[in-house]
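Laboratory data are not the source of any read-out in this text; all were calculated from the coordinates shown. Keep in mind that this is a model prediction, so the values were computed, not measured. Every residue, glycine among them, receives a Cβ derived from its backbone with ideal geometry; neighbour counts consider all protein chains shown.
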Amino acid sequence: MIDRYGRNIDYLRISVTDLCNLRCIYCMPEGGVAKMRHEDILTVEEIEEITRAAAALGIEKIRLTGGEPLVRKGIVEIVRRTAAVPGIREVALTTNGSLLAGYAQDLKAAGLSRVNISIDTMDAEKYREVTRGGELADVLSGIRAATDAGLRPIKLNAVLIGGINEDFIRPLVEMTRDADFRVRFIEIMPIGECADWNRERFVSISRVLEDVPGLAYAGTDGVSKLYRLEGAKGSVGLISPISSHFCPACNKVRVTSDGKLKPCLHSPEEIPLRGLHGAALEDAMRRGILDKPLKHKLDSERKSDSRRGMSAIGG
């Protein structure tokens, strides 16, 4: 479906839970989030119904997110039903990877196309610090399992945080030499837990090119600017929501785990979808797509207008 600014909105992110088994410092408070009531979370059937309505409007790609989607009971069935909807050509999943080793084969069999895995550093101690207790070894096992299951291409996402992991860029880049991993560095956004962080926490994506001068420009992939090491099998993506807005090319909308459509991550607007069916559901989603703003207003000095943090929206 084409929005008011001529963008083809063909990508929907659906959060299946607001819960997570980790407590990443930029995403969740140390004590976790207040748990929603079970009846307030989208059911498997509602997720399927929303996917069907989205497909009728021209959505072709679904990404399942959280929180951590693998803590959601019935996640394999959610993938199976979503992938079976006519018109949906790709179902992807964003995960912290710590539980992926036990799910990769079943998710692939259910119709999952690929995964994005969050891994902010290859240093085990720093990983524990960023995630407040997570084990890097679990994520590496998940990456191996996803590779073996054929969930390709595997994208590895690293959020750059000043004073935390900006000195650990090169080991992640080196992962692309011998495997077709797409390592993506992302500027942190002033939303949720990090909305009021000091400016020093915000690291420009240019830091990657400064630390690894051997990277050569290799085109674009959606919102990422691609680079490669000479002779490398994989690539490095740089995503810059702060230093260089990519909003005019944005092709996505989001649905939260309690069934609200967000036309823009950083907008306060949320359109309730629960309880709507058939034409009414399609009309609500159509309105959300048409109301999608041209761009957000945040930068390193101005925080997001969203009323929720990332874990409550869906990463």
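To the nearest 10 degrees, how steeply does helix 278-290 sit against the main Cα axis of the chain, on a 0 to 90 scale?
Rounded to the nearest ten degrees, it is 40.
Taking each pair of distinct Cα atoms in region 188-240 once, what is the resulting Kirkwood hydrodynamic radius in Å?
After inverting the pairwise mean of 1/r, the radius is 12.6 Å.
Could you state the angle between the C-alpha long axis of helix 44-56 and the longest principal axis of the C-alpha atoms of the chain, as a value from 0 to 90 degrees rounded to the nearest 10?
That helix lies at roughly 90 degrees to the long axis.
Might you list the cysteines of the chain that have no disulfide-compatible partner by the rule of another cysteine's Cβ under 4.7 Å?
Lone cysteines by the Cβ rule: C20, C194, C247, C250, C264.
From the convex hull of the Cα coordinates of the chain, what is the mean projected area in square nanometres?
Result: 14.6 nm².
Using the per-residue mean of other Cβ atoms lying within 10 Å as a proxy for protection, in what order, highest first, do the peptides 124-137, 65-78, 260-273 fall?
Top of the packing list down: 65-78, 260-273, 124-137.
Can you tell me which lysines have their Cα less than 16 Å from the Cα of K260? Leave out same-chain residues fewer than eight positions away.
K252, K292
Using a Förster distance of 30 angstrom, determine the FRET efficiency expected from the C-beta separation of K233 and E210, and round it to 0.05.
Between K233 and E210 the formula returns 0.80.
Test of understanding: what is the full-extension gain from R132 to N198, defined as 0.36 nm times their sequence separation minus their Cα-Cα distance?
Roughly 21.8 nm would be gained on extension.
FRET efficiency for R177 and M1, Cβ-Cβ distance as r, R0 = 30 Å, nearest 0.05?
Computed FRET efficiency for R177 and M1: 0.15.
Cross-link partners among lysines for K73, C-alpha distance below 19 Å, same-chain residues fewer than 8 apart left out?
Answer for K73, where 19 Å is the Cα cut-off: K35, K108, listed by chain and number.
Quote to one decimal, in nm, the extra length available between D123 and R287 on full extension: 0.36 nm per residue of separation minus the C-alpha distance between them. Write down the numbers at each step before the final one.
Values: separation 164, 0.36 × 164 = 59.04 nm, distance 4.50 nm.
Once the chain is fully extended between D123 and R287, it gains 54.5 nm.
For the residues H277, H38, what sequence is obtained by ranking on other C-beta atoms within 10 Å, fewest first?
Working: H277 11, H38 8.
Result, fewest neighbours first: H38, H277.
Taking the alpha-carbon centroid of each part, what is the distance from region 37-87 to region 179-247 in angstrom?
29
By how many nm would the segment from D148 to Y217 lengthen if fully extended, with 0.36 nm per residue of separation less the alpha-carbon distance?
21.9 nm
Nearest 5 is fine: what % of DSSP beta bridges in the chain come out antiparallel, could you say?
30
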